[in-house]
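To start, the structure under review is shown below, and the notes come after it.
Please treat every number below as a calculation from the coordinates, not as lab data. Since this is a predicted model, take the numbers as computed values, not measurements. We place every Cβ from the backbone using ideal geometry, glycine too, and count neighbours over all the protein chains shown.
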Amino acid sequence: MQLLIAPAELAADKSQIVFDCRFSLLDKAAGRRAWEAGHIPGARFADLEQDLSSPAGKGGRHPLPDRDALAARFRAFGVNYDSKLVCYDQNSGALAGRFWWLARWLGCDRVRVLDGGLDAWIAAGLPTNRDPVDPAPGNFRPREPLTRVRTAAELEGIAAPGAGAADATLQLLDARDAARYRGEQETIDPVAGHIPGAISVPFADNLAGGRFKSPGELRKRFAGLGIDPKREIVCYCGSGVTATHDILALKLAGYPEPALYPGSWSEWITDPARPVAKS
């Protein structure tokens, strides 16, 4: 199945269940307010912290939700076993990417990201409304995950002194902006820097004009960063959200699907024994 969907295609297919994933770390109620002010007709609101994460703690700022609890939320959203899902955020796809990854983690292979998000929908002259959405419960049940994860314990050996980039089995990609990766600034987490051996792959550079670059452009980008499709790839970010954007972009580029380190940097730094690099 295709990974992205254009606004015109979504507008033409009324059979798809749409999810609005807008969220702001600076104002955690902003996403719901934005949905209430106007959303794609029929779109359910999926909140990053209430629906798509477990409570923050030692597992990081946005740990994965309990799998059965997430499946129950999908049923409450009206998702059935054979439903086709589309997710969007305002524009970048970073938050929609989290929903896309989680749906596939539940075994759903019929999920796509709206390329360009709500901004692209509106730019195409398509309507929004403020109507409430109250779907009948669905019959969705989780299946075998279509995704992979790596834990902090599994990555500790890779990041140990003398390993890192020299390790021949794994490539660790950091999806945060380059300044945070280098440790020059950190406005969210209490420790700055990155996991030793990680390659800086800011998710924002997967986009051009608010939409994903073409598969060819993405392949050129990743090849230029030395990312080898024959080696295992693991993506992380601040809390396991924007890393899914890199995973989606790598799949668009034709790479084997990378694993996600769900806890990401915000979990990594909870243990002061874990090494931290700055450069």
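Observations on the structure shown:
- Looking only at region 32-44, residues that are touching a residue at least 60 places away in the same chain (Cβ under 8 Å) and under 17 Å from residue 10 (Cβ atoms) come to 7 in all.
- Some residue of region 85-96 being at positive phi, of a type outside the set (A, V, I, L, M) and assigned to a loop (DSSP other than H, G, I, E, B): yes
- Contacts under 8 angstrom Cβ, first residue in region 102-115 being within 15 Å of residue 139 (Cα to Cα), partner outside any strand (DSSP E or B) and acidic (Asp, Glu), 6 or more apart: 107/144
- Search result, residues across region 239-263 that are surrounded by fewer than 24 Cβ atoms within 10 Å (Cβ to Cβ), at negative phi and part of a loop (DSSP other than H, G, I, E, B): 253, 255, 256, 257
- Filter result for residue 48 (in contact with a His (Cβ under 9 Å, 6 or more places away or on another chain), assigned to a loop (DSSP other than H, G, I, E, B) and of a type in the set (A, V, I, L, M)): yes
- In the set (1) part of a loop (DSSP other than H, G, I, E, B); (2) under 13 Å from the mean Cα position of the chain (by Cα), residue 2 fails one condition alone, (2).
- Residue within region 62-73 that is touching a residue at least 40 places away in the same chain (Cβ under 8 Å), more than 28 Å from residue 195 (Cα to Cα), assigned to a loop (DSSP other than H, G, I, E, B) and over 16 Å from the mean Cα position of the chain (by Cα) present: no
- Residue-level check: of (1) crowded, with 19+ Cβ neighbours inside 10 Å; (2) farther than 11 Å from residue 246 by Cβ; (3) within 19 Å of the chain's Cα centre (by Cα), residue 196 misses just (3).
- Filter pass, residue 169 being among the hydroxyl-bearing types (Ser, Thr, Tyr), under 30 Å from residue 38 (Cα atoms) and touching a residue at least 40 places away in the same chain (Cβ under 8 Å): no
- Residue match in region 205-212 (condition: touching a Lys or Arg at 6+ places or on another chain (Cβ under 7 Å) and surrounded by 24 or more Cβ atoms within 10 Å (Cβ to Cβ)): yes
- In region 267-276 there is at least one residue matching the filter, namely being assigned to a loop (DSSP other than H, G, I, E, B), of a type outside the set (Phe, Trp, Tyr), within 24 Å of residue 63 (Cα to Cα) and free of Cβ contacts under 8 Å to residues at least 24 places away in the same chain.
- Helices (runs of 4 or more DSSP H) contained entirely in region 117-224, each with at least 1 residues that are in contact with a strand residue (DSSP E or B) (Cβ under 6 Å, 6 or more places away or on another chain) and either within 23 Å of residue 56 (Cβ to Cβ) or of a type in the set (Gly, Ala, Ser) (or both): 117-123, 178-182
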